[in-house]
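What follows draws every value from the coordinates through simple rules; no lab data is involved. Quick caveat: nothing in here was measured; it's all calculated off a predicted structure. Neighbour counts run over all protein chains shown; Cβ positions are idealised from the backbone, glycine included.
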C-alpha cells in the first residue's frame, strides 16, 4: 500500500490534493526498493514510470509535472497550453491550472508545498541548502504572486527532510553558506566540542515567517533517521550504496 503524509491546514482548505510520499508502496527493487520516483538515479525506467503512475492516481489522476532539479533558485510557471519539458532546469513549479499535479523529488533536501486557497494557486519547490540560501522559497512565493496569489494567504508545508541532528556539515560548509546568505547564521548549531550542523527546515521556516506567509506547517520527519521509510542520500552515502528519490505532490482539487 502506498503511504504518504498530509498536513491538516492543507486538507482543511478542501482545495488541493497533496502528499509527501516515502518509499512504501512501489515496485522498484534492490537499492531503490519501493516507491522510487527518480529516473536519473540508476533505477530501471519501467518501475519508475509505474511508481509515478501510482502516485498520480492516488491524488486524483491528473498529469504529473516535474522538472530537472539542479539546486537552483529558478521557478517554472505552468500556464495554459503545452506542459513544460521535464528536462527544463529549475527547482520549483507554480500553477493555477486544475488539470496538473506538481511534483518535487527529494532524498534529504526539503520538499516545500504551497497553496493560496482563495486564489486557487499552488506551488512546489525543492530546497537543498544551495537553493534555500539563494532564495528558492522567496522566488516561489513571487511566482505565485505573479499569478494572483497574496502572501498573507499562502500556506506552506515543509515535508520530510534531513534534521539538524543528522546534518553535520563542518566549518567550511558554514563559511560557504554565510558568504552567500548571512541570515543563515541562526540555523547553525554546534554541539560542545563538535562541528557545525545545519538546520535546513528551521532556516526555511524563518524565511517564510519573514515573508509573512499565512501559515507554516512542518512534518518534523527526518529522512536520514528512517531509511526504511524514506530515501536518504546521506544515509546511502554513509552505507556506500545508492538510493532513490521520493516525490512530494500538490494539485488543485
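Mind checking which of 93, 113, 64 has the largest fluctuation in a GNM of the chain, springs on alpha carbons under 10 Å?
So, out of 93, 113, 64, the one fluctuating most is 64.
Can you give the convex hull volume per residue for the Cα atoms of the chain, as a whole number of Å³?
On the way: hull volume 29.7 nm³, N = 253.
For the chain, the hull spanned by Cα atoms encloses 117 Å³ per residue.
Would you report the distance distribution of C-alpha pairs in the range 182-243 as whole percents per 10 angstrom bin, up to the bin with the largest distance?
Pair shares across the bins are 19, 34, 36, 11, 0.
Once you keep just the Cα pairs under 8 angstrom separated by 6 or more residues, what percentage relative contact order results for the range 56-202?
Relative contact order of the range 56-202: 20 percent.
Taking the chain as a Gaussian network, Cα atoms linked when under 10 Å apart, which of 157, 110, 225 shows the biggest mean-square fluctuation?
Result for the chain, Cα springs under 10 Å: 225 fluctuates most.
Considering every Cα-Cα pair within the range 117-193, what fraction, in whole percent, is farther apart than 16 Å?
60
What number do you get for the range 70-180 when its Cα radius of gyration is normalised by 2.2 N^0.38 Å, N = residues?
Values: Rg = 14.8 Å, N = 111, 2.2 N^0.38 = 13.2 Å.
Taking N as the residue count of the range 70-180, the ratio is 1.12.
Relative contact order of the range 4-252, please, whole-number percent, based on alpha carbon pairs below 8 angstrom and at least 6 residues apart.
Relative CO of the range 4-252 lands at 25 percent.
Roughly what % antiparallel, to the nearest 5, for the DSSP beta bridges in the chain?
Details: 31 of 44 bridges.
About 70 percent, rounded to the nearest 5.
Normalise the Debye intensity by I(0) for the range 14-65, one equal point scatterer per Cα, no solvent, then take log10 at q = 0.13, 0.16, 0.21, 0.31 Å⁻¹ and round to two decimals.
-0.30, -0.44, -0.71, -1.27
Order 210-216, 197-203 from most to least packed using the mean count of other Cβ atoms within 10 Å.
My ranking of the peptides, most packed first, is 197-203, 210-216.
What shape does the range 116-253 take by its C-alpha gyration tensor, where a ≥ b ≥ c are the square roots of the eigenvalues and a/c under 1.5 counts as rounded, a/b above b/c as prolate, and the rest as oblate?
oblate
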